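The values are calculated or read from the model by the stated rules, or taken from the named source; none is laboratory data. Source: prediction; values computed, not measured. Reconstructed Cβ throughout: ideal geometry from the backbone, glycine too, with neighbour counts over all protein chains shown.
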């Protein structure tokens, strides 16, 4: 009799646990799943939280496993669906942009020197090791540029550059190149330098290069969003078939603005697969957790991608190997 009377109460407790567990799972999943799609001007908390979406998606999967262990099957299903909805937009779009018949190789190194505080010897050694055809540096001053280019072998390897950078540890951006450069006007959308130039690449013709650095969303959420949209508009308005744009975008694929900007471009990180390998913050107690340093291209296919730590910077340097499209305009 005792066993029989206990069963209804046990069932009620089990039913209550299912309802409570599923409700909690639904609320958490909805909150995380909505993040990659939100865009509200003036609210810095949203882009900051969006940078954590990949971690949150993994967290949902962990909770799903725990739910299965305690036999809350419906809650586990809800959490898995939430992880998929939130995580998929944050992946590197390996099929984005237009693929093409690969032609001339070109390697691009992109790096945020963190207020010009990166170790010049470390940066110089990385350039030697990776042998890039173009180097896009942001948050760089003339002192750091001169220190790198004072190395005779690097001065010979990268003899061409864009204009003198704006004074200030964070303001400057520069492109160093193996190929002759014709400097263009700056890319709009930032209080920092965003230089652009046309490189004359043998076998591929003219290739437009740009080094970009929109403001961070932490203190300037409106400027950050407008900056990314202005860069996107500039990309749409440039007539060049072959374009490579690199730098610290202060945004990952979890941010709608970056997905808009890159929707017709090939991400260099696609060469490393769909997982968005983090590039920031480096040299911190917390390991790098978000990918905000990118290289994108139109008229080129990525065939190799790696990131490297450079002492003195909280950003990882990104090196992308491209194959410029054989049908590039102006190829000779």
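Restricting the stretch 320-332 to residues that are at pLDDT 95 or above and surrounded by fewer than 24 Cβ atoms within 10 Å (Cβ to Cβ) leaves a set whose member that is nearest to the chain's Cα centre (by Cα) is 321.
With the requirement that a residue be over 25 Å from residue 172 (Cβ atoms) and touching a helix residue (DSSP H, G or I) at 6+ places or on another chain (Cβ under 9 Å), what does the stretch 217-273 give you? Within the stretch 217-273, 253, 254, 256, 259, 260, 263, 264 meet the criteria. Condition check for residue 116 on (1) outside any helix (DSSP H, G or I); (2) under 20 Å from residue 277 (Cβ atoms): one failure, at (2). Those strands (runs of 3 or more DSSP E) of the stretch 194-271 in which 1 or more residues are under 25 Å from residue 48 (Cα atoms) and touching a strand residue (DSSP E or B) at 6+ places or on another chain (Cβ under 7 Å) occupy 205-212, 243-248. The lone criterion from (1) within 25 Å of residue 306 (Cα to Cα); (2) surrounded by 20 or more Cβ atoms within 10 Å (Cβ to Cβ); (3) modelled with pLDDT of 95 or more left unmet by residue 78 is number (1). Note on the stretch 70-110: residues that are in a helix (DSSP H, G or I) and either under 27 Å from residue 278 (Cβ atoms) or out of contact with any helix residue (DSSP H, G or I) (no Cβ under 7 Å at 6 or more places or on another chain) (or both) total 14. Could you grab me the full set of residues in the stretch 253-279 that are without any contact (Cβ under 8 Å) to a residue 60 or more places away in the chain and either buried (at least 23 other Cβ atoms within 10 Å of the Cβ) or over 18 Å from residue 99 (Cα atoms) (or both)? Those that are without any contact (Cβ under 8 Å) to a residue 60 or more places away in the chain and either buried (at least 23 other Cβ atoms within 10 Å of the Cβ) or over 18 Å from residue 99 (Cα atoms) (or both): 258, 260, 261, 277, 278, 279. Checking every residue in the stretch 146-165 against the condition of being under 25 Å from residue 282 (Cα atoms), out of contact with any strand residue (DSSP E or B) (no Cβ under 9 Å at 6 or more places or on another chain), outside any strand (DSSP E or B) and at pLDDT 95 or above gives at least one match. The residue that is surrounded by the most Cβ atoms within 10 Å (Cβ to Cβ), among those in the stretch 36-47 that are assigned to a helix (DSSP H, G or I) and over 14 Å from the mean Cα position of the chain (by Cα), is 36.
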